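What follows is a short report on a single structure.
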There are 4 protein chains.
Amino acid sequence: MRRIRVGVVGLGRLGRFHAQNLAGRVPKADLALVVDAIEDTARSVGAELGVEWSCSIEDLLGNDTIEALVIATPTPLHAEMIERAAQSGKHILCEKPLSFGLDPTVKAIEAANSAGVKLQVGFHRRFDPDWRAAVDRMQRGELGDVYLFRTSLRDMKPPSIQYIESSGGFFVDVTIHDFDTARWMIGEVDEVTSFGSSVAVPAIAEIGDIDTALVVLRFASGALGVIDNTRAAGYGYECSTEVLGSKATARISHHRRSHVQWLTAGQAAEDWVADFTERYPDAYRLELEDFLTSVAEDRPVAVTGEDALAAFTLCKAAEESFRLGKTVKLEHRRRNGEVLYDKAGTG
Amino acid sequence: MRRIRVGVVGLGRLGRFHAQNLAGRVPKADLALVVDAIEDTARSVGAELGVEWSCSIEDLLGNDTIEALVIATPTPLHAEMIERAAQSGKHILCEKPLSFGLDPTVKAIEAANSAGVKLQVGFHRRFDPDWRAAVDRMQRGELGDVYLFRTSLRDMKPPSIQYIESSGGFFVDVTIHDFDTARWMIGEVDEVTSFGSSVAVPAIAEIGDIDTALVVLRFASGALGVIDNTRAAGYGYECSTEVLGSKATARISHHRRSHVQWLTAGQAAEDWVADFTERYPDAYRLELEDFLTSVAEDRPVAVTGEDALAAFTLCKAAEESFRLGKTVKLEHRRRNGEVLYDKAGTG
Amino acid sequence: MRRIRVGVVGLGRLGRFHAQNLAGRVPKADLALVVDAIEDTARSVGAELGVEWSCSIEDLLGNDTIEALVIATPTPLHAEMIERAAQSGKHILCEKPLSFGLDPTVKAIEAANSAGVKLQVGFHRRFDPDWRAAVDRMQRGELGDVYLFRTSLRDMKPPSIQYIESSGGFFVDVTIHDFDTARWMIGEVDEVTSFGSSVAVPAIAEIGDIDTALVVLRFASGALGVIDNTRAAGYGYECSTEVLGSKATARISHHRRSHVQWLTAGQAAEDWVADFTERYPDAYRLELEDFLTSVAEDRPVAVTGEDALAAFTLCKAAEESFRLGKTVKLEHRRRNGEVLYDKAGTG
Amino acid sequence: MRRIRVGVVGLGRLGRFHAQNLAGRVPKADLALVVDAIEDTARSVGAELGVEWSCSIEDLLGNDTIEALVIATPTPLHAEMIERAAQSGKHILCEKPLSFGLDPTVKAIEAANSAGVKLQVGFHRRFDPDWRAAVDRMQRGELGDVYLFRTSLRDMKPPSIQYIESSGGFFVDVTIHDFDTARWMIGEVDEVTSFGSSVAVPAIAEIGDIDTALVVLRFASGALGVIDNTRAAGYGYECSTEVLGSKATARISHHRRSHVQWLTAGQAAEDWVADFTERYPDAYRLELEDFLTSVAEDRPVAVTGEDALAAFTLCKAAEESFRLGKTVKLEHRRRNGEVLYDKAGTG
């Protein structure tokens, strides 16, 4: 087992989470450097994990012993960092979305492709043991043809308005994970019709965004799907999926904080997870492990830049559908084995 | 406790179910007569239950000792029977829908109103202890404002093509229950957008109908809702509802055939209900009991003809939305405390 | 379907429950008379249910149109009433235990046997659909050989000390149901070792009784079993059973008040039943229905006086085991197809 | 965060599991050496994990850069290894039991104590997040006084007869974990009464052992407890605990392989874990992490040699109770803050 020396850029909540995993919970990883523009942040994370730290990505890109990096900076920085990392020959795991724009997304993907480095995108759910178990059975044919797909992604509480204003909008910030899950589990999407509301958090309405959405999908197979998302579930974080098929129906969910049932007068209660760190500790570890295995064994990554592009295009289609109150149709074509999405009109 | 003498007209599957309940499981009922156009059917049900039988509704309408009747005939006969029963001064519990047309529905309701007899419609879910428990807590304010509504109604297997052809179409036959539940739990509906597919049962596509549908609702409150229905769930019958609110979220479901968990190598399994008779034995009993209490105590029925009319109008809006691929908007106005729906256009 | 005219004697909580069921929820029943020594009680129950009432059992025994009676009086009256009812040729459903003494129990059984009337004992769990579903599968051989049996019967709160003082003691009052279940599901019991404590309710200790017990069983097959009982579960009423077998393991439980999950910040909760009336509405109805079917069709009852005797003997063995701190061994012999238990010593 | 250099001795199933965790999933660990008497085993594990290997414990004990070791050899080697590791100044995590004899157990503990090295015993359940969550709430007083304790530990399939013959007997091999859990959660045990059977695996009976046991505990507090264990659960591995208290009741269980529900005609099924590696991946990691934290921060270990001694004494009491068919009473006294158990007689 060869260990890969890795750096992490961007030490916000998710970047720190990745760095902690790389520092001691991912067998294949050797965390070499943590980078953040804010010196206090970089220094304290470096000290906590016992690794080098820096305020400049140059220290990472210029270090020949480091083979790969994880990008967890704010989204507007992603695309340029991918290009520079690609030029430096580093393999890249980048958080979603790759960019808020279509052109920079495409350019970043092409930069990685032409440099011959691996570019994986942070759709962690693909590595969660629960989703994997269901997909494995589906791929073995145990579920049959898909008739209906349902998925929920719900946050317990809305983030700050400041965060939301720079989030790229509801569909790009939240629904993108479900679009990736839909493509991964069911296949390509032909039509998107979306609906939004902001009755839960009036302050979100004031900045022209929504807090709750329903997105109806029609897959290329003819099957229907529906995504529901909210920033204000109140009871906790939820990520659940159902696939109804001709031979079986799969339901995936996992929401308990622990497997303790607590009984008091007239009631049985269980604790519910509060956020993605409580729900997905395994998925994030396995995501890193799989990325490093791709690097070590020089095999294709499990989630490509093109997957990020497809999910992003679906987000944009959902935005347009919501704005126009109409269904948006999509076309997809294949290039080098990857699917590319184009808008085909509204109806 | 005064017992009410009741007759049942139409002894198909549901009519027999009602007759059996009235014969021995509904304390307030005294089953007096069962009627079916097919003599063999009428005779055998009468014999099984130890009550009089007849092939003619005249024997029921002309019998002054009978105060009420349950109409469970095929839908095309409902409206006329309601009118005749109303003229005979009988109180009426009629299965849904009241008719396949808007005008006969209105006429039947008016006939009951002007005759001063009670007309209750068979939306049994309103009487199910599980739904009641959730609605009771909602009405006490424990759930707060509603942010999202989700409901599923799924049959295990499609009925015969012959049945489907005379069913009034998917939305009228299946979705109608969910429209009533939506109005009962959340409130009036402003917009309906519906989607359908027939990948599960190609024979249904051939007769121009669908086997699976998604219907997105926008309520007058601004909240969103989504209904999913299918005729081909495969695993069993399912009727589940979720209401996500500002103070709490309620989930209602009940699908086990028994409360036995059966463990075999590597697996824990539970039996799932196959149809509405397995899922709703209590709801159907309590529906009859509530109807007879309304008669005995001369108080308004819990589900009115106007409720049936509103649900039917929503079904028609869903059909139109599906046909046009557009959202259908609705207006509602009040008359004598009842809400009436009008189509307001498509957008 | 012939209806049987029935009377109920003893209109305490359980007697009223039976009378209500007989009055309108048991198809085969025609409730003819309710009897209680307290005139107010008899009159009010009669008025509520719209049936005749009396303060004297003579009015029941002397009424030739009444074929059967349900005895729900305090236990000390059971045995004599059974004898008199038997002499009057009435079929009998009697609550457990038949008596607090072995001799009166035997005498009552013999009275019924020699009069040729049916005597069924109120072990309602045998009629519960959940237990029935499990036993049906076991009887079809799906569970295989039994390796371990576990069962719990727990009350939410202790009854009054006054009730407990006249209850016949913990094992006779509570554990008797589990002994019957053990025999019904698994088979005859060879050894009983019991343990008790009274840490939950000190007042119970003061009158020399216990509030919590564990009873270990060794079945004739060699398999082990354990019963746990308490009067102070606190969270609610619980009745659960597990049978671990060579081919499968069955778990039976059913404790929700409704099938609503109520989610609030960080928690998912469900309501738990408070007592046997919430847990066993179906079992009590089906028990009466099965008894009346036995009468109508003149077939043996499902739970015999000899079953009551066996369970009672096991209660007495448990008492002795607890008192001595030793295992009590039992022998069983067959007489006319029924199993009779004898104590075989302590070890 | 200081990393501790650790060696693992004994590379059977559990030893390899520990070594894999130390090699990449325990942040505080630096796996330095793996040792097994069989050269092929040592070499292949070393190669797999990319660490040094040896066939001799001398290479570990003589290496001054290694601070701690994990002992996962067959039980008969434990005590001597503990003594030698203690003499070499290494901190020790040893699998249970410390020995099959009382004297070697005491001697090993004293060797560690007098050498001033840490000795932790492998009761991994104490580190499982589910048990921890329940115990945390109990320690905050949320459960109140304990009235009843129930716990199950069940293996899916019996190990080989060869393993069982050298396992130290059923109670020492299986029940020991439950005795530790009982002491940890509830407190000291005054009386043990045990029951065994071997109906599941006749071959086990032939070598004089049992495959299934019930053990009744009376705690010093007066509360009752019951343990059930089997080697032949058939459906899978199960470890569940219930604590019934005056304020609340806690139930701990976690048996799903994944959080996927798989629905097929009439059935909802979930996959069950097969063994302790599937059930306890987190507990084993956290056990190692806690041990290394104790070493790094020089604080007492969470599970002491004296805890192992107490659990072992309870196993011996259970054996004696089973052999004699009597209750065995225990006394406990404190020495240096640790509880020591003595047999007080049989009754």
Review point. Quick one: which of A:Asp271, A:Asp282 is within 23 Å of the chain's Cα centre (by Cα) and either within 29 Å of B:Ala269 (Cβ to Cβ) or among the β-branched types (Val, Ile, Thr) (or both)?
Key: A:Asp282
**Study point:** Every residue from segment B:165-195 that is more than 20 Å from the chain's Cα centre (by Cα) and surrounded by fewer than 24 Cβ atoms within 10 Å (Cβ to Cβ)
**Key:** B:Asp190, B:Glu191
**Study point:** Every residue from segment A:49-74 that is on the phi < 0 side of the Ramachandran plot, surrounded by fewer than 19 Cβ atoms within 10 Å (Cβ to Cβ) and in contact (Cβ under 8 Å) with a residue 12 or more places away in the chain
**Key:** A:Glu52, A:Cys55, A:Ser56, A:Asp59, A:Gly62, A:Asn63, A:Thr65, A:Pro74
Check your understanding: Inside segment B:202-221, can you point out the residues that are in contact with a helix residue (DSSP H, G or I) (Cβ under 9 Å, 6 or more places away or on another chain) and either of a type in the set (Asp, Glu) or part of a helix (DSSP H, G or I) (or both)?
Key -> B:Ala203, B:Ile204, B:Glu206, B:Asp209, B:Asp211
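Out of curiosity, is A:Val295 over 30 Å from B:Thr346 (Cα atoms), aliphatic (A, V, I, L, M) and part of a strand (DSSP E or B)?
So A:Val295 does not fit the description; no.
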**Study point:** segment C:221-248 - residue that is over 23 Å from the mean Cα position of the chain (by Cα) and under 19 Å from C:Ala311 (Cβ atoms) and, of those, surrounded by the most Cβ atoms within 10 Å (Cβ to Cβ)
**Key:** C:Ala223
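For every residue, the table says whether it meets (1) within 14 Å of chain A (Cβ to nearest Cβ); (2) touching an Asp or Glu at 6+ places or on another chain (Cβ under 8 Å); (3) not in a strand (DSSP E or B).
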{"site": "B:Pro300", "(1), (2), (3)": "no, no, yes"}
{"site": "B:Glu306", "(1), (2), (3)": "no, yes, yes"}
{"site": "B:Leu309", "(1), (2), (3)": "no, no, yes"}
{"site": "B:Leu314", "(1), (2), (3)": "no, no, yes"}
{"site": "B:Ser321", "(1), (2), (3)": "yes, no, yes"}
{"site": "B:Glu331", "(1), (2), (3)": "no, yes, no"}
{"site": "B:Arg334", "(1), (2), (3)": "no, no, no"}
{"site": "B:Leu340", "(1), (2), (3)": "no, yes, no"}
{"site": "B:Lys343", "(1), (2), (3)": "no, yes, no"}
Practice item. Would you mind stating whether D:Ala283 is under 27 Å from D:Gly141 (Cα atoms), touching a helix residue (DSSP H, G or I) at 6+ places or on another chain (Cβ under 8 Å) and not assigned by TED's automatic domain parsing to the domain that holds D:Asp178? Key: yes
Check your understanding: Looking at D:Ala37, D:Ala32, which one is surrounded by fewer than 24 Cβ atoms within 10 Å (Cβ to Cβ), in a strand (DSSP E or B) and not hydroxyl-bearing (Ser, Thr, Tyr)?
Key -> D:Ala32
Exercise for review: Could you run through segment A:22-53 and say how many residues are within 13 Å of chain D (Cβ to nearest Cβ) and in contact with a Phe, Trp or Tyr (Cβ under 6 Å, 6 or more places away or on another chain)?
Suggested key: 1
Exercise for review: Could you tell me which of the residues A:Phe123, A:Phe127 is within 14 Å of chain D (Cβ to nearest Cβ), farther than 16 Å from A:Arg251 by Cβ and not β-branched (Val, Ile, Thr)?
Suggested key: A:Phe127
Exercise for review: Scan segment D:186-204 and give yes if some residue there is out of contact with any strand residue (DSSP E or B) (no Cβ under 6 Å at 6 or more places or on another chain) and of a type in the set (D, E, K, R), otherwise no.
Suggested key: no
Study note, to complete from the structure: Those residues of segment C:116-136 which are within 30 Å of C:Gly89 (Cβ to Cβ) and either surrounded by 19 or more Cβ atoms within 10 Å (Cβ to Cβ) or touching a Gly at 6+ places or on another chain (Cβ under 6 Å) (or both) amount to C:Val117, C:Lys118, C:Leu119, C:Gln120, C:Val121, C:Gly122, C:Phe123, C:His124, C:Arg125, C:Arg126, C:Phe127
Practice item. Return the pairs, sorted by first residue and then second, in which the second residue is assigned to a helix (DSSP H, G or I), the first residue lies in segment D:193-206 and is more than 10 Å from chain C (Cβ to nearest Cβ), the beta carbons are less than 6 Å apart, and the residues are 6+ apart or on different chains. Key: D:Ala203/D:Ile161
Exercise for review: Look at B:Val34 and say whether it is under 27 Å from B:Ile176 (Cβ atoms) and either in contact (Cβ under 8 Å) with a residue 60 or more places away in the chain or under 20 Å from the mean Cα position of the chain (by Cα) (or both).
Suggested key: no
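For B:Gly15, are the conditions met, namely being touching a residue at least 40 places away in the same chain (Cβ under 8 Å), more than 14 Å from every other protein chain (Cβ to nearest Cβ), crowded, with 20+ Cβ neighbours inside 10 Å and in contact with a Leu (Cβ under 9 Å, 6 or more places away or on another chain)?
Judged against the criteria, B:Gly15 is not a match.
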Study note, to complete from the structure: When B:Glu238 is run through (1) under 15 Å from B:Val174 (Cβ atoms); (2) touching a helix residue (DSSP H, G or I) at 6+ places or on another chain (Cβ under 6 Å); (3) within 13 Å of chain C (Cβ to nearest Cβ), the failure sits at (2)
Exercise for review: Determine, yes or no, whether A:Ala269 is without any contact (Cβ under 8 Å) to a residue 24 or more places away in the chain, among the aliphatic types (A, V, I, L, M) and surrounded by fewer than 24 Cβ atoms within 10 Å (Cβ to Cβ).
Suggested key: yes
Exercise for review: Search segment C:244-257 for residues being under 30 Å from B:Lys247 (Cα atoms) and touching a Lys or Arg at 6+ places or on another chain (Cβ under 8 Å), and hand back the single one that is farthest from the other protein chains (Cβ to nearest Cβ).
Suggested key: C:His255
Exercise for review: Go through B:Thr293, B:Thr346, B:Thr304, B:Thr313 for me and flag whichever is at pLDDT 95 or above, among the polar types (S, T, N, Q) and farther than 27 Å from C:Ser258 by Cβ.
Suggested key: B:Thr313
Check your understanding: In the list D:Gln162, D:Gln139, which residue meets the criterion of being more than 17 Å from the chain's Cα centre (by Cα), closer than 22 Å to D:Val339 by Cα and surrounded by fewer than 18 Cβ atoms within 10 Å (Cβ to Cβ)?
Key -> D:Gln139
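The values are calculated or read from the model by the stated rules, or taken from the named source; none is laboratory data. Only a predicted model underlies this, so the values are computations on that prediction, with no experimental measurement involved. Methodologically, a virtual Cβ is constructed for each residue, glycine included, from the backbone with ideal geometry; neighbour enumeration extends over all protein chains shown.
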